[in-house]
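Single-structure report; data block below.
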Amino acid sequence: MGSPVEDPLIDGMTTERAPGGDDRFRELDAAMKRHRFRPDALIEVLHTAQELFGCLGPDLLRHVARGFRLPPSHVYGVATFYHLFTFIPKGGHTCTVCTGTACYVKGSDALLDAAGRLTASQSGSTPPGARISLDTARCLGACGLAPIVVFDGQVVGQISPEELTDRVKGWIDHGS
């Protein structure tokens, strides 16, 4: 796709403009360069990769491993250790139900059931082509607001199954 160019990011190694013509790799390479390819920046770079690509696929993990000159098994081990990293594409919207003790006692199981019925999926799995990803979190650290659901990054506390249903149906009905 792109013509080979000298890329000073990795010891003068000649690379394509971006693998597969995807400029997100350029942005990822720039993030690794900002961190001087130091392995202690691996988690931050993996977060950047996930923001750019939506999930961490095998080719992406190998690309990061090459950039940091780390074994791919090390990069994969770090990525699988932290629950915030995902290896499957997410839907356009995310609904994360807290299942910590306080939230569970206040009814998070009913919230999770309602969300599962609406999205036709189980927590942690996003069917291909789904617009909504359903996830759980062990604890979100705001127990006074229990039960908690995070809708596209917005924390909503003391929510009922009916309120969750209205919110998720709004995503479904509006197709956005």
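The values are calculated or read from the model by the stated rules, or taken from the named source; none is laboratory data. In this text the structure is predicted, and so the values were computed from the model without any measurement. A quick note on method: Cβ atoms are made from the backbone with ideal geometry, for glycine too, and the neighbour counts reach across all protein chains shown. The protein model used for the area step is the full one, side chains on, heavy atoms only, and it has no ligands, DNA or RNA in it. Shrake-Rupley method; radii C 1.70, N 1.55, O 1.52, S 1.80 Å.
For segment 80-112, enumerate the residues that are charged (D, E, K, R) and modelled with pLDDT of 95 or more. Even if it seems obvious, please write down each step before you answer.
Going residue by residue through segment 80-112, those that are charged (D, E, K, R) are 90, 106, 109.
Listed by number, the residues that qualify are Lys106, Asp109.
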State which residue is farthest from Gly54 (Cα to Cα) when the search covers only segment 146-166 and only residues that are in a helix (DSSP H, G or I) and open to solvent by 80 Å² or more (accessible area, probe 1.4 Å). Glu162
Within segment 56-76, can one find any residue that is within 19 Å of the chain's Cα centre (by Cα), within 21 Å of Val150 (Cβ to Cβ) and open to solvent by less than 90 Å² (accessible area, probe 1.4 Å)? yes
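Within segment 103-120, restricting attention to residues that are surrounded by 18 or more Cβ atoms within 10 Å (Cβ to Cβ) and of a type outside the set (A, V, I, L, M, F, W, C), which residue is nearest to Val149 (Cα to Cα)?
Applying the first criterion (surrounded by 18 or more Cβ atoms within 10 Å (Cβ to Cβ)) to segment 103-120 yields 103, 106, 108, 111-112, 114-115, 118-119.
Narrowing the set further to residues that are of a type outside the set (A, V, I, L, M, F, W, C) leaves 106, 108, 119.
Details: Lys106: 12, Ser108: 9, Thr119: 15 Å.
For segment 103-120, the residue satisfying everything is Ser108.
Kindly check whether there is at least one residue in segment 70-78 that is among the β-branched types (Val, Ile, Thr) and within 27 Å of Trp171 (Cα to Cα). Explain how you work it out, then say what you get.
Looking only at segment 70-78, we keep the residues that are among the β-branched types (Val, Ile, Thr), and these are 75, 78.
Those still in the list that are within 27 Å of Trp171 (Cα to Cα) too: none.
So far as segment 70-78 goes, no, none of its residues is among the β-branched types (Val, Ile, Thr) and within 27 Å of Trp171 (Cα to Cα).
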